[in-house]
Amino acid sequence: MKYALIGCGRISPNHIVAAQKNGLDIVAICDLEERNMKDKILKFKLPASVHCYTDYKEMMEKEKPELVAIATESGKHAQIAIDCMELGHANLIIEKPIALSLADADRIIATANKENLKVCACHQNRFNKSIQKIREAVEMERFGRMFHGTAHIRWARDYEYYSRAKWRGTWEQDGGALMNQCIHNIDLLRWMMGDEIDCVMGMTDRLKHDYIEAEDLGIALIKFKNGAYGIIEGTTNVYPANLEETLYLFGEKGTVKAGGSSVNVIEEWRFSDALDNSAEVKAQFHENPPNVYGYGHTPLYADVVDAIQNDRKPYVDAEAGKRALELVLAIYQSAYTGSTVRFPLQECATIDFKGRFS
């Protein structure tokens, strides 16, 4: 399967490795900075047949890849996705967030349906072994009635991180901690707790990073339509480095905690049904990835390839990407207005909050 990557920045190594491990034919890479492409070619020993482009439209026209990964700044995801589908008829893997507005997410979904193409939102933590084990328990209804769940993202980002890419932390191209660093765990919380939300209350602030536009702290309370509650705490202010990313689920008959650097470790596993041994589960589902991106890109790619070949929806489709985006935008809107936001959220975009902390 012919594959191309658009965007050769911080997350691109995970995409290249996933493409290689899945046996994809990498025909081209694209970036506005030629040095970024040269660096990836050398680092991953890409063959001479891999062509480099600074114009993704030219790349699509000449290479005609069947699968394209979009790993540019967030604000450009939507238009690039639309162009790749309409001009190149390519299936897509779109890095999180899928877009920065609900309207753009809807455009992506509509275009994919019209062109009969597969679009995957790159929420790779859904493929963590720990998360797959927890999801199995959810689908088996081992928790009984869900009471509440919490997502904590306690990370650190400094001036050097933001200065390496001017789009980071801007409302037009990124958003803040919730949209960038925390959206993976926010996605997991919504997914595990039943997906359907009644309302959300949120508070956000910029406490430390006065050189960015958006928030570095976000806190939210969610009420799900099934009666359960959710709590989100996300920050990039932790001293001196990333501390943890945790997901708790509390039910009538079960309690689970996933922790580690990116919810890749099951730290608590308690169920009334005694179907498995808690110590064994914690020992078996304990990964130690080299960074917060984890190991999920490779199985995510495998799933997308299978979805294309067997004409089915990807495990994490564009609708899932929209749901994660919707929740973050709802928190932003609640924090901005000081009121509860009910679902479904009406049209909203990160750009709506420009000047929020000025």
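Just so you know, all these numbers are worked out from the coordinates, no wet-lab data involved. Here the structure is a predicted model, which is why all the values come from computation and not from measurement. Cβ: placed from backbone, ideal geometry, glycine included. Neighbour counts: every protein chain shown.
Before moving on, here are some points about what is shown:
- P(r) tail fraction, region 53-170 - alpha-carbon pairs more than 16 Å apart, %: 70
- Per residue, the convex hull spanned by the Cα atoms of the chain amounts to 130 cubic angstrom.
- Bridging of Lys45 to lysines at a Cα separation below 21 Å is possible for Lys2, Lys21, once same-chain residues fewer than 8 apart are set aside.
- With Cα atoms defining each centre, region 67-93 and region 232-301 are spaced 31 Å apart in the structure.
- On Cα atoms only, tilt of 12-21 relative to the major axis of the chain in degrees: 80
- Region 259-274 - phi-based ³J(HN,Hα) in whole Hz, Karplus 6.51/-1.76/1.60, Gly and Pro as x: x, x, 6, 8, 6, 10, 10, 7, 9, 9, 8, 10, 9, 6, 7, 6
- Residue exposure sequence - Tyr239, Tyr161, Tyr315 - by fewest surrounding Cβ within 10 Å: Tyr239, Tyr161, Tyr315
- Subset of Lys96/Lys133; Lys225/Lys257; Lys76/Lys223 violating a 30 Å alpha-carbon distance limit: Lys76/Lys223
- In plain terms, the C-alpha convex hull of region 260-358 casts an average shadow of 11.1 nm² when viewed from every direction.
- Helical content alone sets the calculated 222 nm signal of the chain at -10000 deg cm²/dmol, taking -39,500 (n - 2.57) per DSSP H segment of four or more residues and averaging over every residue.
- Pairwise FRET efficiency - Ala283 versus Asn226, Cβ, R0 = 35 Å, nearest 0.05: 0.65
- Rg over Rh [alpha-carbon atoms, Kirkwood Rh] for region 1-114: 0.95
- Global geometry of region 215-324, whether rounded, prolate or oblate, following the gyration tensor of its Cα atoms and the 1.5 cut on a/c: rounded
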